[in-house]
Amino acid sequence: MASVPLMRRSQTIIRMPVDHVTASLVLHDGERSDVVIFVSPDEDIAKILDSREPFLPLIRAGKVALVARAAIAALGLAHRSLQRKG
């Protein structure tokens, strides 16, 4: 049995603080799922959803996934997710 080589990182992993916003996702093929969207505390959710990036990172079915924005038919957010903190 082969041994697992020790890994060494060239740099420290930096973790950014994010809020988890729950949403309902509907794809163009009709598939629906509950998802969690990552939002920086100082960023507006509308800006993230309106981004020109081709993919939206989120948690879907318990796993981190990249969903093509072109595949998204609708995304529903709870009213409290739309309100700014502070």
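The values are calculated or read from the model by the stated rules, or taken from the named source; none is laboratory data. This structure is a prediction, so every number in the text was calculated from the model and none was measured. So basically every Cβ, Gly included, is an ideal-geometry build from the backbone, and we count neighbours across all protein chains shown.
Taking only segment 24-44 into account, find how many residues are surrounded by 10 or more Cβ atoms within 10 Å (Cβ to Cβ) and either under 10 Å from the mean Cα position of the chain (by Cα) or over 15 Å from ALA74 (Cα atoms) (or both).
Qualifying residue count for the region: 9.
Can THR12 be described as out of contact with any His (no Cβ under 9 Å at 6 or more places or on another chain), at pLDDT 90 or above and among the β-branched types (Val, Ile, Thr)?
For THR12, the condition - out of contact with any His (no Cβ under 9 Å at 6 or more places or on another chain), at pLDDT 90 or above and among the β-branched types (Val, Ile, Thr) - is not met.
Among the residues that make up segment 73-81, is at least one of them at pLDDT below 95 and of a type in the set (Lys, Arg)?
Checked segment 73-81: at least one residue is at pLDDT below 95 and of a type in the set (Lys, Arg).
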